[in-house]
Amino acid sequence: MHLVLEPLVVELPEQRIALLCAPLTQRHTYGDLTDWFDHRETPIGWLRIGMAHGAVQGLCPRISSSTNPMRPTAHSARLDYLALGDWHGTSASTGRTWYSGTPEPDRFKANDSGQVLLVEIDRPSAPPRVKPVRTAQYRWRQLAQRIDVATDLDGVLATLAEAEAQDVLDLTLTGQVDLDGQRRLTTALGVAAGRARSLRTDLAGLLLTPTAENIAALQADGYLGEVIVELRDTTGLDARRAQDALAILTSLLAERSANAVGA
């Protein structure tokens, strides 16, 4: 293990490799820390491998930043390979310049993170062969689903049923469910939350819409039935508050009904 705290060349004689290292010693810099690569000599016949952290300018639109800028230095510095950090996903700026990404994903983003790169170079100036190798323990998955009919909910429940200990899930649901659908969803969320590493949900856009059959089954006659219908049909600024009240009321009525049957 070589801990590099300042710009220098680390020589590995047995491998005939010279590592030109440009560590980032503070969070933000505004000059190219790899400038010295161009003029630094290394043993003849050894591989020249650059290592740095920053944003290569002009080569990859996704990796563009005013801080930690770097010019495309692999060619001018006669590098056989340039290994970069900064972009949290796998990306090739050129055939010799790669971001390996992070060994574990750290956000919900499709950027090929969660892997390292196995790089093979036969001899100086030969093109590198780069192979991604998965290292991630956790799977970050996002699901956004609109529910309009029962089959829409079935797909969501199937996904939740597949949740495992290595899953980090983000679930956003919109649309509407009836009381039966809400009960099924609540149960599935509870089970998935117990099994997954993390489950984050956004149900603000999912409306509870009891059907006439639901209301009848709750034995919510007269005034209670009218209140349920009014809460169900509330729109505008008070809609979210009405939905919360509706969920509480129908839950209490369902519990009362179940107790009555049990008695």
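The values are calculated or read from the model by the stated rules, or taken from the named source; none is laboratory data. A quick note: this is a predicted structure, and the numbers were derived from the prediction, not measured. Because the Cβ atoms are built from the backbone with ideal geometry, glycine has one as well, and the counts that use them run over all protein chains shown. Accessible surface is based on the protein model in full, side chains and every heavy atom, while ligands, DNA and RNA are left aside. Shrake-Rupley method; radii C 1.70, N 1.55, O 1.52, S 1.80 Å.
Does THR73 satisfy being open to solvent by 30 Å² or more (accessible area, probe 1.4 Å), modelled with pLDDT under 95, within 18 Å of SER125 (Cβ to Cβ) and not aromatic (Phe, Trp, Tyr)? No, not satisfied. Looking for something at pLDDT below 90, over 30 Å from LYS109 (Cα atoms) and part of a helix (DSSP H, G or I) - is there at least one such residue anywhere in segment 202-212? Yes, segment 202-212 contains a residue that is at pLDDT below 90, over 30 Å from LYS109 (Cα atoms) and part of a helix (DSSP H, G or I).
Here LEU79 meets each of (1) open to solvent by less than 70 Å² (accessible area, probe 1.4 Å); (2) assigned to a loop (DSSP other than H, G, I, E, B); (3) out of contact with any strand residue (DSSP E or B) (no Cβ under 6 Å at 6 or more places or on another chain) with one exception, condition (3).
Among the residues of segment 92-115, how many are more than 16 Å from the chain's Cα centre (by Cα) and modelled with pLDDT of 85 or more? Even if it seems obvious, please write down each step before you answer.
Applying the first criterion (more than 16 Å from the chain's Cα centre (by Cα)) to segment 92-115 yields 92-100.
Going one step further and asking which of them are modelled with pLDDT of 85 or more, we end up with 95-100.
Matching residues across segment 92-115 total 6.
Could you tell me whether THR172 is polar (S, T, N, Q), open to solvent by less than 50 Å² (accessible area, probe 1.4 Å) and in contact with a Ser or Thr (Cβ under 9 Å, 6 or more places away or on another chain)? Yes, satisfied.
Name the single residue, out of those in segment 29-62 being open to solvent by 40 Å² or more (accessible area, probe 1.4 Å) and modelled with pLDDT under 85, that is farthest from THR97 (Cα to Cα). By that ranking, first place goes to TYR30. The set of residues in segment 137-182 being under 20 Å from THR209 (Cβ atoms), part of a helix (DSSP H, G or I) and free of Cβ contacts under 8 Å to residues at least 40 places away in the same chain consists of ALA150, THR151, ASP152, LEU153, ASP154, GLY155, VAL156, LEU157, ASP180, GLY181.
Taking (1) touching a Phe, Trp or Tyr at 6+ places or on another chain (Cβ under 6 Å); (2) part of a strand (DSSP E or B); (3) open to solvent by 40 Å² or more (accessible area, probe 1.4 Å) in turn, VAL133 satisfies each apart from (1).
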